[in-house]
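Okay, so here's the structure we're looking at.
The values are calculated or read from the model by the stated rules, or taken from the named source; none is laboratory data. Quantities reported herein were computed from a predicted structural model and do not represent experimental measurements. As a convention, Cβ positions derive from the backbone with ideal geometry for all residues, glycine included, and neighbour counts pool all protein chains shown.
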Amino acid sequence: MTDPTPNDRPPGDQPHGDRTAGRDALLLAVLPHVAFDGWTRQALRLGAEDAGFGLDEAAILFPGGIAALADHLHDWADREMLDRLAEEGEAFDGLRVREKIARAVTVRLGLLAPYRDAVRRDLSRRALRPLSRRGLQQLHRTVDAMWRAAGDRSTDINYYTKRGLLAGVYASTLLVWLDDRSEGQETTHAFLERRIGEVLAFGRQISGLKRLGDLAEAPFRLAARLREGRGAAAS
């Protein structure tokens, strides 16, 4: 008796790479429905049908349900971002550090652009409660991936400082991006450039700790803004 081929195996028995591909396929099929149905079982059901998955298969791929699927959006975006930057090769490697960081943020936002409404709904869902440990871990993984792509290998206090500040930059830029209707996202790009300049100059601005603290608090302000917007919409 021969072993089943990877495609013959149930989702839970797939090799790691195939399982990740299955999770990615289901995520991308669900995202268009999230724009209309939110991060709900209805969106999951419709996306599973579109991707040719049964609900039992979807449950195996995402035992945590729709919340786990929403979490996977961040994992997918991080991996795709790194792949795109790697594909740019010398064109990316030859950039200055600040340009690499700006490019990483721009690429990630570009990947999320077709799913802007799904991203907005995900942030609103998370903002119903204070930033969770899981949300902070996801944000850390994203900015860590950006810094590593830019060549940063620091292990001292600079490791935490750089990632903490970039977390604030990315979160605040994401908020601008969600509402940016300017041509070519010019408003977002200009905002991002200003914030990156502040982060990379932190050594020369050590006396301006209040400003740096404001940057580090941006993820929390993002959550508060989203909570306020949701409350206003409900009233």
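Points to keep in mind about this one:
- In this structure, residue 95 qualifies as over 19 Å from residue 138 (Cβ atoms), among the aliphatic types (A, V, I, L, M), free of Cβ contacts under 8 Å to residues at least 12 places away in the same chain and out of contact with any Gly (no Cβ under 9 Å at 6 or more places or on another chain).
- Residue 144 vs. criteria surrounded by 13 or more Cβ atoms within 10 Å (Cβ to Cβ), in a helix (DSSP H, G or I) and in contact (Cβ under 8 Å) with a residue 40 or more places away in the chain: no
- Number of the exception - residue 223 against (1) over 24 Å from residue 94 (Cβ atoms); (2) aliphatic (A, V, I, L, M); (3) surrounded by 14 or more Cβ atoms within 10 Å (Cβ to Cβ); (4) modelled with pLDDT of 55 or more: (4)
- Just one of the numbered conditions (1) of a type in the set (A, V, I, L, M, F, W, C); (2) crowded, with 18+ Cβ neighbours inside 10 Å; (3) more than 22 Å from residue 113 (Cβ to Cβ) is not true of residue 70: (3).
- Residue among 59, 104 that is of a type in the set (Gly, Ala, Ser), surrounded by 13 or more Cβ atoms within 10 Å (Cβ to Cβ) and touching a residue at least 12 places away in the same chain (Cβ under 8 Å): 104
- When restricted to residues that are among the charged types (D, E, K, R) and at pLDDT 95 or above, region 8-40 contains 3.
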